[in-house]
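Please treat every number below as a calculation from the coordinates, not as lab data. Because the structure is predicted, anything quoted here is derived from the model rather than measured. Neighbour counts are summed over all protein chains in view; Cβ atoms, including those assigned to glycine, are modelled from backbone coordinates with ideal geometry.
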Amino acid sequence: MSHYQIAVIVGSLRKDSLNRKLASAIAKLAPADFSFKQLRIDDLPLYNQDDDANQAESVKRLKAEIAAAQGLMFVTAEYNRSVPGVLKNAIDHASRPYGQSAWAGKPAGVIGTSIGAMGTCMAQQHLRNILAFLDVPTLGQPEAFVHARDGLFDAAGDIGADSKPFLQNWMNSFTAFVKSHAG
């Protein structure tokens, strides 16, 4: 049996981030042959092309963790109808220098939650555009624009009963997508 390591990139640094909570809770819906590792992006310097030839240790670590993964899961907040700057910064670092992108060819899922009814749909669309350019095959359906409201998480922090069927379907589709793309 193969094992699939998924690199999880949460587009929020907030201590009580709903998206970090979603990332942790939805990972529990995956089959046993999948494991999830949330990657650290809060220690990356601001991207500067002048540093491409001498990347910071935090950037090298991020790129190595992405390289070791068989798939990617982006769980993003939405800031001003787009991706958070910290997420874009991480994406830029790991895609550089030109021709040495850690992202290329890695199958990805994109999901996110917010208290707004649109549930990060604009951020996810912008992220999908970025990932397409970076040659990251991305799960197209089902999309998951998750409205964070009472019941999304249960008392233990797991996915609540009302949301579980939808999010289980998303996870089933994502894991099948990763398996179909993993070499």
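Annotations for the structure displayed:
- Among the listed pairs 37/179; 37/60; 15/63; 28/60; 88/179, a Cα-Cα separation exceeding 22 Å is found for 15/63; 28/60; 88/179.
- Separation between Cα centres of the stretch 114-130 and the stretch 1-44, rounded to whole Å: 18 Å
- Since only 53, 90, 114 are under comparison, the one whose Cα sits farthest along the positive direction of the charge dipole of the stretch 4-181, derived from C-beta charges on Lys, Arg, Asp and Glu, is 114.
- Principal-axis tilt of helix 85-94 within the chain, Cα atoms, nearest 10 degrees: 50 degrees
- One decimal place: the segment residue 115-residue 88 gains 7.6 nm when fully extended, by the rule 0.36 nm per residue minus the C-alpha distance.
- Separation in nanometres of the label points that stand 7 Å from Cα toward Cβ, at residue 35 and residue 150: 3.9 nm
- The angle separating the long axis of helix 18-27 from the principal Cα axis of greatest extent in the chain is about 80 degrees.
- Helix-derived mean residue ellipticity, 222 nm - over the chain, DSSP H n ≥ 4, -39500 (n - 2.57), to 500: -11000 deg cm²/dmol
- Relative contact order of the stretch 4-181, pairs being alpha-carbon contacts under 8 Å that are 6 or more residues apart, as %: 25 percent
- Axis angle, to the nearest 10 degrees, between helix 121-133 and the longest C-alpha principal axis of the chain: 40 degrees.
- Cα gyration tensor shape for the stretch 4-181, rounded if a/c is under 1.5, else prolate or oblate: prolate
- Each peptide in 109-118, 92-101 gets a packing score, the mean of other Cβ atoms within 10 Å over its residues, and the list from highest to lowest is 109-118, 92-101.
- Given 16 as the ceiling on other Cβ atoms within 10 Å, longest exposed-site-free region of the chain for trypsin sites (Lys or Arg not before Pro) in DSSP loops: 82-148
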